[in-house]
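Asks: Have a look at the structure that comes next, please.
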Amino acid sequence: MSYLPMLRLSMKKSRVPARKLLLSCLGCLFIGLSQQACAVEPLSVSGNRIYAGDTIKSFSGNSLFWSNNEWGGEKFYRADIVKMLREEWDASIVRASMGIQEEGGYLDDPAGNKAKVVTVVDAAIANDMYVIIDWHSHHAEDNVAEAVSFFREMAQKYGDSPNVIYEIYNEPLQISWNNVIKPYAETVIAAIREIDPDNLIVVGTPSWSQDVDTASWNPINGTNIAYTLHFYAGTHGQYLRDKAITAMNNGIALFVTEWGTINADGDGDVNEAETDAWVNFMKTYNLSNANWALNDKDEGASTFYPDTMTLTPSGKKVKSIIANWPDKLDNQSPNNCTGVNVYPNWTRKSWEGGPYDHSESGDHMVYQNKLYQANWYTTSIPGSDNAWTLLGICTD
């Protein structure tokens, strides 16, 4: 968010793509990411809803600040920060907000900014989280070729991972949906879909991603496409929720890739009443969301006070919201694994006097620092098939 002033104040579910499920599970068996990739269900769009697997769900998490060099927020583009969000915040989503045109952004330093994004994406996959790859621009239509090239590369690298969400345009300004934003989006989507046919793609909407109703009158023809809704509780109220309702009634799915507890300029006090109203709205309509911003800049939107990891009032509010979000990636709750057998030290014998060679229903086992429970008799590697349920990470 660049904090520009806001001048304008029931369907049958289609089956989760078989390709994504197959490649995800193959990845769990053969790739170094192993069990982590299977712990996240593929996201898909049916009508105006986003599904995780075969169920309508929404998830909550954090958006990082602009990735731009020397802007201050880039120091949070670290694997340990992502791990902290997963384990200490119970966050399900993290957003990598790669700045584009502004100084120190992707156009100035493609390799450096891309490396920051890759660090976050890899860490999110390793920690069983969804991750948004955000082309954080207000003028994406000025650099179509660069966007196509970047998202092609991301699709080639991550297209088989259900964790990854492509956000191809953060916040268009007050420009035409029909003549500018939609044609740009169609070009970038086509490039992604040549490589990755089914991961979720989120498209920005006019007026800083507020005019979702405008996009809903002329939606993009494609698979698994959602539309961006952004709000700041100190500035945006019921009128914007009404626009969102109109858009959903017109049949499009929304994703709140960025929101704040404060004013749209990024500062001010937490607006408790409107924040609560928006949170209830997102829960009611199952809108996944990422809070702006995991940063320590001296402004109200920041999660931390400057040069500390001490939570600001907004940080405290947001941490509570995420912790109490109804839909969770529950298999990542922390567990004390002391005394639990570590694979391949099996829990059961096939006959008295024989070796320990299997596990049975209800037995626990640790593998790669994760706690699993056997669903039935099994000799398989924990997490490699449906014989196991992932209960969470081990904290000891």
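The values are calculated or read from the model by the stated rules, or taken from the named source; none is laboratory data. Keep in mind it's a predicted model, so treat the numbers as computed, not measured. Don't worry about glycine lacking a Cβ; one is built from the backbone with ideal geometry, like all the others, and counts go over all protein chains shown. Accessible surface areas use protein heavy atoms only, side chains included; no ligands, DNA or RNA. Shrake-Rupley method; radii C 1.70, N 1.55, O 1.52, S 1.80 Å.
Asks: Report the one residue of W177, Y305, T347 whose Cα lies farthest in the direction of the positive end of the charge dipole of the chain (charges on C-beta: Lys and Arg +1, Asp and Glu -1; origin at the Cα centre).
Replies: Going by the Cα projections, it comes out as T347.
Asks: For region 334-394, count the residues as N, evaluate 2.2 N^0.38 Å, and divide the Cα radius of gyration by that value, please. List each step's numbers first, then the result.
Replies: Details: Rg = 10.9 Å, N = 61, 2.2 N^0.38 = 10.5 Å.
Here the Cα radius of gyration is 1.04 times the empirical estimate.
Asks: Further question on the same structure: Given R₀ = 30 Å, what would the calculated FRET efficiency be for V342 paired with K157, taking r from the Cβ atoms and rounding to 0.05?
Replies: Numbers: r = 32 Å, r/R0 = 1.06.
For V342 and K157, the calculated efficiency is 0.40.
Asks: Can you say what percent of the DSSP beta bridges in the chain, counting only those with both residues inside, are antiparallel? Round to 5.
Replies: Working: 19 of 52 bridges.
In the chain, DSSP labels about 35 percent of beta bridges as antiparallel.
Asks: Give the value in nm², to one decimal: projected area of the alpha carbon convex hull of region 248-394, averaged over all directions.
Replies: Dividing the Cα hull surface by four gives the mean projection, 12.8 nm².
Asks: Net charge within 15 Å of I321 by Cβ-Cβ distance, Lys/Arg positive one each and Asp/Glu negative one each, not counting I321 itself? Don't jump to the answer; show the numbers that get you there.
Replies: Details: positive: K283, K316, K317, K319, K328; negative: E88, D90, E258, E272, E274, D276, D327.
That works out to -2.
Asks: Please give the peptides 372-385, 52-65 ranked by average Cβ packing (other Cβ atoms within 10 Å per residue), highest first, as a rough proxy for protection. If you can, show how the numbers build up before the last one.
Replies: Working: 372-385: 18.0, 52-65: 21.9.
Ranking the peptides 372-385, 52-65 by packing returns 52-65, 372-385.
Asks: Efficiency by 1/(1 + (r/R0)^6): what FRET value for T310 and W351, r their Cβ-Cβ distance, R0 = 35 Å, to the nearest 0.05? Let's see the in-between values first.
Replies: Details: r = 59 Å, r/R0 = 1.67.
For R0 = 35 Å, the calculated efficiency reads 0.05.
Asks: Right, here's the next one. Would you work out which of G234, T257, M98 lies farthest towards the positive end of the dipole of the chain? Charges go on Cβ: Lys and Arg +1, Asp and Glu -1.
Replies: Of G234, T257, M98, it is T257.
Asks: Using only DSSP helix segments of four residues or longer, with each worth -39500 (n - 2.57), what per-residue ellipticity at 222 nm results for the chain after dividing by its residue count and rounding to 500?
Replies: Values: 11 runs with 116 residues, N = 396.
Taken over the chain, the calculation gives -9000 deg cm²/dmol.
Asks: Then there's this: Can you send over the solvent-accessible area of E194, 1.4 Å probe, protein chains only, in Å² to the nearest 10?
Replies: 130 Å²
Asks: With just the Cα atoms of region 43-324, tell me how far they stretch along each of the three principal axes, in Å, largest first.
Replies: 44, 41, 36
Asks: Over region 43-324, what is the relative contact order in percent, taking alpha-carbon pairs closer than 8 angstrom and at least six residues apart? Don't skip to the end; give the middle numbers.
Replies: Values: 625 pairs, mean separation 54.7, N = 282.
After rounding, I find 19 percent.
Asks: Then there is this: Taking a virtual spin label 7 Å from the Cα of A190 along the C-beta vector, which residues in region 213-251 bring their backbone nitrogen under 16 Å of it?
Replies: 220-223
Asks: Now for a different question. Assuming 0.36 nm per residue, please report the length gained on full extension of the stretch I175 to T55 beyond their Cα-Cα distance. Kindly include the intermediate steps, with their values, before the conclusion.
Replies: Details: separation 120, 0.36 × 120 = 43.20 nm, distance 3.52 nm.
Extra length from I175 to T55 when fully extended: 39.7 nm.
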